[in-house]
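Data first, discussion second: the structure below is written as structure tokens.
The values are calculated or read from the model by the stated rules, or taken from the named source; none is laboratory data. Because the structure is predicted, anything quoted here is derived from the model rather than measured. Every residue, glycine as well, gets a Cβ built from its backbone with ideal geometry; the counts of neighbours run over all protein chains shown.
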């Protein structure tokens with residue numbers, strides 16, 4: 001009875017959210033857990049096939065949602081926390097959303113994005129069959145600390161998920177180490193060729209996790225990712241089970257996995273890795289990957305993942321949360337040869353991490369190049385961000401406390417496209433502004 005009451009309460013919160021037009025990604029779960037703290041402990045019994053969880057610093061929302069979309073394209077019913085609420089309450093919310101009023105759940109799969117620090121908590125109630133770990137970078141230092149702390153949290157979670165199949169990024173020396181654990185099966189994917197030009201990126205996980213020596217590389221992608229090896233011991237990039245090559249970063253992008261070529265309408269090298277994680281996860285779950293590109297066709301990017309709005313000109317909203325993410329987003333923006341305005345917003349809310357010292361590890365100066373029309377800075381920490389540009393002798397054209405004003409100014413320039421780059425708590429307010437402006441332009445036309 002308690003379980004049923006928790007589901008009803010959660011559904012009432014869903015309904016209230018729809019009436020008030022407010023997102024309810026975790027609130028239903030938070031309230032339901034107060035009534036029934038073990039609400040999802042029966043999920044393994046109620047999911048017919050497998051539970052697939054995805055964690056990692058960057059790309060977990062995209063990877064999790066594409067796995068879900070691909071499974072739904074096969075006709076499966078999937079429990080999924082699509083919006084990215086990745087703590088226990090978010091998983092519970094996804095469970096409630098899938099349940100009927102009688103409490104019945106009829107699902108083939110569960111695809112759950114999980115926060116690295118919450119994996120241990122969630123695994124007390126569910127046992128994943130497949131665990132995808134996309135990558136590990138420094139992120140929210142005041143919450144996670146350095147990488148060693150995050151590694152320990154994930155190690156503990158894997159131990160709780162005894163016998164889980166791990167899907168690991170072979171190019172990440174921090175991530176690949178989990179495949180050495182006992183009582184796990186590891187499947188690796190990796191880009192087996194040099195694709196990107198060498199840049200001055202911070203190699204965050206640049207020391208061998210086995211002996212502590214500085215790692216060396218046959219070729220390097222970004223941050224600590226690449227074909228690594230340790231000169232001090234035998235730790236090196238594992239041979240991928242799923243080899244990615246023939247990568248072309250045009251529009252659309254193309255690549256091959258184990259010799260099978262695919263063309264996809266995505267942007268950014270990092271999405272090659274995300275899609276390869278999806279491919280490997282489907283294989284780990286025992287699913288066919290025939291017509292893989294067709295399985296991807298129904299996917300719609302979540303908020304801020306190179307999300308495009310149609311105003312006077314295209315406006316692209318890009319979410320990044322740490323140095324590795326921002327550096328890759330900057331590379332993607334610069335790959336667009338159109339004349340562009342760039343707007344940057346950095347906040348320091350609880351969801352971002354209060355410590356923003358990481359901005360000094362981002363190559364923000366690369367946003368000013370021959371294709372840059374104007375560069376605008378806003379957000380709660382706009383003065384810190386402007387100072388960061390000043391130390392690189394990079395001129396900021398607009399410094400404002402209003403994102404809407406920054407967008408309107410950019411819309412009145414002669415640029416061809418606008419890129420709005422934000423961190424987490426700036427994303428939803430910016431998305432709301434862009435949707436409002438988009439509706440206005442549609443009404444005018």
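Structure above, values below:
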read-out	value
Residues being in a helix (DSSP H, G or I) and under 17 Å from the mean Cα position of the chain (by Cα) - total across the stretch 281-314	2
Residue 28 on the phi < 0 side of the Ramachandran plot and assigned to a helix (DSSP H, G or I)	yes
Tally, over the stretch 410-441, of residues that are free of Cβ contacts under 8 Å to residues at least 40 places away in the same chain and closer than 21 Å to residue 306 by Cα	5
Residue within the stretch 335-343 that is in a helix (DSSP H, G or I), in contact (Cβ under 8 Å) with a residue 12 or more places away in the chain, under 25 Å from the mean Cα position of the chain (by Cα) and not assigned by TED's automatic domain parsing to the domain that holds residue 56 present	yes
Check on residue 347, in the same structural domain as residue 384 (by TED's automatic domain parsing), in contact (Cβ under 8 Å) with a residue 24 or more places away in the chain, part of a loop (DSSP other than H, G, I, E, B) and touching a helix residue (DSSP H, G or I) at 6+ places or on another chain (Cβ under 9 Å)	yes
Residue 309, sole failed condition from (1) farther than 22 Å from residue 62 by Cβ; (2) surrounded by fewer than 20 Cβ atoms within 10 Å (Cβ to Cβ); (3) in contact with a helix residue (DSSP H, G or I) (Cβ under 6 Å, 6 or more places away or on another chain)	(1)
Criterion: out of contact with any strand residue (DSSP E or B) (no Cβ under 7 Å at 6 or more places or on another chain), surrounded by 14 or more Cβ atoms within 10 Å (Cβ to Cβ), touching a residue at least 24 places away in the same chain (Cβ under 8 Å) and within 27 Å of residue 151 (Cα to Cα) - qualifying residue of 35, 66	66
So residue 333, is it crowded, with 17+ Cβ neighbours inside 10 Å, out of contact with any helix residue (DSSP H, G or I) (no Cβ under 6 Å at 6 or more places or on another chain) and closer than 22 Å to residue 411 by Cα	yes
Residue satisfying condition, being closer than 26 Å to residue 130 by Cβ and in a strand (DSSP E or B), within set 52, 40, 67	52
Qualifying residue in the stretch 364-387 (condition: closer than 20 Å to residue 313 by Cβ, outside any helix (DSSP H, G or I), at pLDDT below 95 and out of contact with any strand residue (DSSP E or B) (no Cβ under 9 Å at 6 or more places or on another chain))	yes
From 226, 212, 232, residue being outside the structural domain of residue 326 (by TED's automatic domain parsing) and either touching a residue at least 40 places away in the same chain (Cβ under 8 Å) or assigned to a strand (DSSP E or B) (or both)	226
Qualifying residues in the stretch 162-177 (those that are part of a loop (DSSP other than H, G, I, E, B) and without any contact (Cβ under 8 Å) to a residue 60 or more places away in the chain) - the one surrounded by the fewest Cβ atoms within 10 Å (Cβ to Cβ)	163
Residue in the stretch 397-415 that is closer than 29 Å to residue 224 by Cβ and either touching a helix residue (DSSP H, G or I) at 6+ places or on another chain (Cβ under 9 Å) or assigned to a loop (DSSP other than H, G, I, E, B) (or both) present	no
